[in-house]
Amino acid sequence: MQTYKVVEKFVSINGEGQNAGKIAAFIRFAGCNLNCSFCDTKWANCTDAPYEEESAAQIVEYIKTKNVRYVTLTGGEPLLREGIPELTRALLEIEGLTIEFETNGSVSLAEMDAVRRGRKAEDRVLFTMDYKLIVSGMEEHMKKDNFAYLLPKDTVKFVVGSKADLERMRKIIKAHALSNRCALYVSPVFGQIEAAEIVDYIIENQLNEVTMQLQMHKFIWDPDKRGV
């Protein structure tokens, strides 16, 4: 039986993206293939991270007991986990549930895109995909082919730590015509760049398609608090 390494699960509000502020159940899987400088869940990526082996049926039952309309599959990197398509199909059996993948941009979206299109679930399976900029140290791992799979309900998220990151973000948006494809969000590396500087840049460059966003959960709770 297929099982999944779950390091934590909880109900909270989405802290960022198009569903920010909405209640969701979070399923966090162990392990990631990147090592971003600003990662706030490094503990979940360690080889010795504590986890529970859970089946799709157990995860589905947990979601049902919470009576939520949204579930966020995160990590780590959820798309690295074997059996994710099967888990997604099982979750889609929950009436009215929307599934959001928080993915780091280095893993192909092709398989999951086929799942959602095959189930005609474009509006119930969403990608919130990072594009890692200079500050992350991981930009070389980005799969730009992923842009082709994005729909208007999907999101590309840029986390910036400097003016150079903002410039790079603008070039990526233009080069791949992202403003015509999906939602675009930008947020600061917590404690590294002033939010006002990002706003000024957006205004000066007339980036009308970009939404500025702070990580809501880090202002409601301690920035290092887990399970929120």
Next on the checklist: So THR88 ticks every box in (1) open to solvent by 10 Å² or more (accessible area, probe 1.4 Å); (2) assigned to a helix (DSSP H, G or I); (3) touching a residue at least 24 places away in the same chain (Cβ under 8 Å); (4) of a type outside the set (Lys, Arg) but one. Which box is left unticked?
Outcome noted: (1)
Item to check | Tally of residues being open to solvent by 60 Å² or more (accessible area, probe 1.4 Å), closer than 25 Å to THR65 by Cα and touching a helix residue (DSSP H, G or I) at 6+ places or on another chain (Cβ under 8 Å) across the range 91-121 | outcome: 2
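Which of the following residues is within 26 Å of ILE99 (Cα to Cα), among the charged types (D, E, K, R) and at pLDDT 95 or above: LYS174, LYS163, LYS120, LYS157?
LYS157
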Checklist entry - Does THR98 fit the bill of being β-branched (Val, Ile, Thr) and either more than 20 Å from LYS42 (Cβ to Cβ) or over 15 Å from the mean Cα position of the chain (by Cα) (or both)? => result yes
Checklist entry - For the range 1-57, how many residues meet the condition of being over 28 Å from THR211 (Cβ atoms) and among the hydrophobic types (A, V, I, L, M, F, W, C)? => result 9
Next on the checklist: Suppose we keep only residues that are open to solvent by less than 20 Å² (accessible area, probe 1.4 Å) and assigned to a strand (DSSP E or B) within the range 11-34. Which one would you say is farthest from LYS143 (Cα to Cα)?
Outcome noted: SER12
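I need a count of the residues in the range 93-133 that are hydroxyl-bearing (Ser, Thr, Tyr) and closer than 26 Å to ILE23 by Cβ.
Result for the range 93-133: 3.
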Next on the checklist: Suppose we filter the range 91-102 for residues that are part of a loop (DSSP other than H, G, I, E, B) and not β-branched (Val, Ile, Thr); how many remain?
Outcome noted: 5
Next on the checklist: Yes or no: the range 16-27 includes at least one residue that is over 15 Å from the mean Cα position of the chain (by Cα) and among the acidic types (Asp, Glu).
Outcome noted: no
Checklist outcome for this item: Over the range 174-209, the set of residues touching a residue at least 40 places away in the same chain (Cβ under 8 Å) and within 17 Å of PHE147 (Cβ to Cβ) is ALA183, TYR185
Checklist outcome for this item: Scanning the range 38-66 for residues that are open to solvent by less than 70 Å² (accessible area, probe 1.4 Å) and not β-branched (Val, Ile, Thr) gives PHE38, CYS39, TRP43, ALA44, ASN45, CYS46, ALA49, GLU54, SER55, ALA56, TYR62
Checklist entry - Considering the range 103-131 alone, what residues qualify as being in contact (Cβ under 8 Å) with a residue 40 or more places away in the chain and not in a strand (DSSP E or B)? => result ASN104, GLY105, SER106, VAL107, LEU109
Checklist entry - Which members of the range 72-85 meet the condition of being within 10 Å of the chain's Cα centre (by Cα) and either part of a helix (DSSP H, G or I) or without any contact (Cβ under 8 Å) to a residue 40 or more places away in the chain (or both)? => result PRO78
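The values are calculated or read from the model by the stated rules, or taken from the named source; none is laboratory data. Since this is a predicted model, take the numbers as computed values, not measurements. With ideal geometry, Cβ positions are generated from the backbone for all residues, glycine too; neighbour counts draw on all protein chains shown. Heavy atoms of the whole protein, side chains included, go into the accessibility calculation; ligands, DNA and RNA do not. Shrake-Rupley method; radii C 1.70, N 1.55, O 1.52, S 1.80 Å.
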